[in-house]
1. Simple spin-label model, 7 Å along Cα-to-Cβ: ILE57 to LEU159 in nm?
2. What lysines could a cross-link reach from LYS142, if we take a straight Cα to Cα line under 28 Å and drop same-chain neighbours fewer than 8 places away?
3. Rounded to whole Å, give me the distance from the Cα center of the range 39-93 to that of the range 103-140.
4. Along the Cα→Cβ direction, 7 angstrom out, place labels at SER187 and ARG96. What is the inter-label distance in nm?
5. Let me make sure I get this right: for the range 34-155, a, b and c are the square roots of the gyration tensor eigenvalues over alpha carbons, sorted descending. Under 1.5 in a/c it's rounded, otherwise prolate if a/b > b/c, else oblate. Which is it?
6. Taking 0.36 nm per residue of separation and subtracting the Cα-Cα distance, what length does fully extending VAL179 through ALA140 add?
7. Pop the C-beta distance of PHE80 and SER116 into the FRET formula with R0 = 30 Å and round what comes out to the nearest 0.05.
Amino acid sequence: MAQLGSDPVFADTVWMVPNVGDWTGAYSMSTRPLTTTLLKATAKAMGIGTRFPDGSIQQNREIGLAFQDFALWSVNNSPFANGRRMSSPLRYDAARIPTVVPDFIGTLRVVYGLTSVDYPESAFQEVKAVKGVMTLDYPAQKFQMLGFIDVANRSPLALRTITWPSISFFTTADTIIGVDVLLDATSNGVQIHQRRASLLPGGYMRMDHEVPLNSTPSGVLGGMNSLPFIHLLPGRIGRLGQHPGAGPVVDDPDPLPDPDPLP
């Protein structure tokens, strides 16, 4: 879970009032990068995490799950995380943890000229509220990031075509994907994308558009769940704990920062 630190200083700006669920007008509003510090402050203002001691594991978990719900809803219009474990032999070799649990598993529609083909379980999403760099061995030598790349590299898209599967990280503004992660993903033919969160007036938030951190040489267009250009759009606007379907999932099998206990 995120380590909490100082918040950067932002210039004064004119704030506009958003509408919950707004999508097309999201670019027009003044925003601030949502750091882990701002996430915690915003969550506490909404009453999330306040029943636990400040800085405790329980508080961080509750805030992290609320952010996870929001990020998945903002992009997918559903806050519900995947609960299925996927086998990762490379993670097992590195950390003796046999599986990884992406927050979302989707179908990647690949567009070839005027035609398209759907490849199930070939696009993945993971939500992280982490201050700092996530390297291949994140967190604490458990190699979760390595597991994500391994799972993507074993997907139907990777096994049947030269088009790269994708992993999209939905993060706070101060989360950095490590260079070793990008190098390993590129060498294995896996796209890495990132959406960072922004804070809007009145405690509203949105996930920004996806930014590719590496690129596929095939040049083939791909999109999550039959929407080839969804990555170009920012997410829906809402508040922690108040968007449709909101509420941390009590029995979420993927608690942040890492779901898998050592055997």
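1. 3.6 nm
2. Candidates past the 8-residue exclusion: LYS40, LYS128, LYS131.
3. 18 Å
4. Between SER187 and ARG96, the label points sit 2.5 nm apart.
5. Details: a/c = 2.55, a/b = 1.42, b/c = 1.79.
Taking the square roots of the gyration eigenvalues as a ≥ b ≥ c, the range 34-155 is oblate.
6. Working: separation 39, 0.36 × 39 = 14.04 nm, distance 1.70 nm.
Here the segment from VAL179 to ALA140 would lengthen by 12.3 nm.
7. Working: r = 26 Å, r/R0 = 0.88.
Step by step, r from the Cβ atoms, then E = 0.70.
Every number here is computed from the coordinates shown, using simple stated rules; none is lab data. Just so you know, these numbers come straight off a predicted model, no measurement behind them. Positions of Cβ are backbone-derived with ideal geometry, glycine not excepted, and every protein chain shown enters the neighbour counts.
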